[in-house]
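A quick write-up on the structure given underneath.
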Amino acid sequence: PCRVGARRAPRAADQQTQQRQQHLLASNPAVIYSCRAESGFPLTFISDNIHGLIGLSAAELLAGPGVWASRIHPEDRPIFDADTAKLFPEGQTSMEYRVRHQDGSWHWIHDVMRLVRTPAIGQGTRPEIIGSWLDVTSLRLAEAERLQALEQLEAQKTLAMRSDRLRSLGEMAAGIAHELNQPLAGVRGIAEHMLLAVTRNWDLPKEKIRERAEKIIAQADRMIHIINHVRVFAREAGKPEMSAVDVNEVVLAAMDMHRLQFRSWGIDLQSHLQQDLPATWGNGFSLE
């Protein structure tokens, strides 16, 4: 009787150990599996918590060779094949891919594989793959939402920058209109005087005509410069293009855009700039 009791004690201990192992495996968020290191990677063991991962039992996956591989998303199969090929030369690998759940949904799986040598009866050792599957769908969704939020934030920043530029252009409109009105009035006055001379058949010297034509051209060039600068400012400010920028030129250009508007408020802009400054790398229009 004592010998029988002694034999039963190790068996009870073994059963407790097995029950504890089963409990740990079932409670683990990761599914533990093993497979043979050969073509198709036939599964030899899967922990019972696999059902919560893809809706199939361990027995269903073990009974059908290739069931797991058949559920990998077609777009992710090249990733799976490429990463498993690294297993043999490197001894371990990890990857993420999508697997189809029994309900038809796709779950992101983090798969970690390690190549081990397992004792085989009468054959020494044989290569075997021990691995784990962990559902990281929620992490993937959270990362996608984070990236989407960043994109939306960047879009909002871009809209805010555009709004600021439009507001700046609106504030400059009065000064620009005044600056354009001056040369336009001058051009109109010169043109009317020349038209009057032609109508009344005045005898104007060629030098006088040349002088007035040159004034018209100068005033037209001034207006073209103003219009082109505003157009480029509105288009280029905020773009990612970078180049060598002369900060003094940017300051003077910004002052020119506001000078007349400030003058209408009784403000005189003056500049005292450090000369011979090195060029700065950036976007001159954004700085302006």
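The values are calculated or read from the model by the stated rules, or taken from the named source; none is laboratory data. Keep in mind the model is a prediction, meaning the values are calculated, not measured. Note that we place each Cβ from the backbone using ideal geometry, even for glycine, and neighbour counts take in every protein chain shown. When the accessible area is computed, the model is the full protein with side chains, heavy atoms only, and any ligands, DNA or RNA have been set aside. Shrake-Rupley method; radii C 1.70, N 1.55, O 1.52, S 1.80 Å.
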Solvent-accessible surface (1.4 angstrom probe) belonging to Val247, in square angstrom, nearest 10: 50
Packing-based order for 29-39, 73-83, using average beta carbon neighbours within 10 Å, highest first: 29-39, 73-83
Carbon plus sulfur fraction of accessible area for segment 43-121, probe 1.4 Å, in percent: 56
Accessible area (Å², per residue) of segment 85-170, counting only protein heavy atoms and a probe of 1.4 Å: 68
FRET efficiency for Ile224 and Ala144, using Cβ-Cβ distance with R0 set to 51 Å, rounded to 0.05: 0.55
Protein accessible area in segment 162-224, 1.4 Å probe - carbon and sulfur %: 58
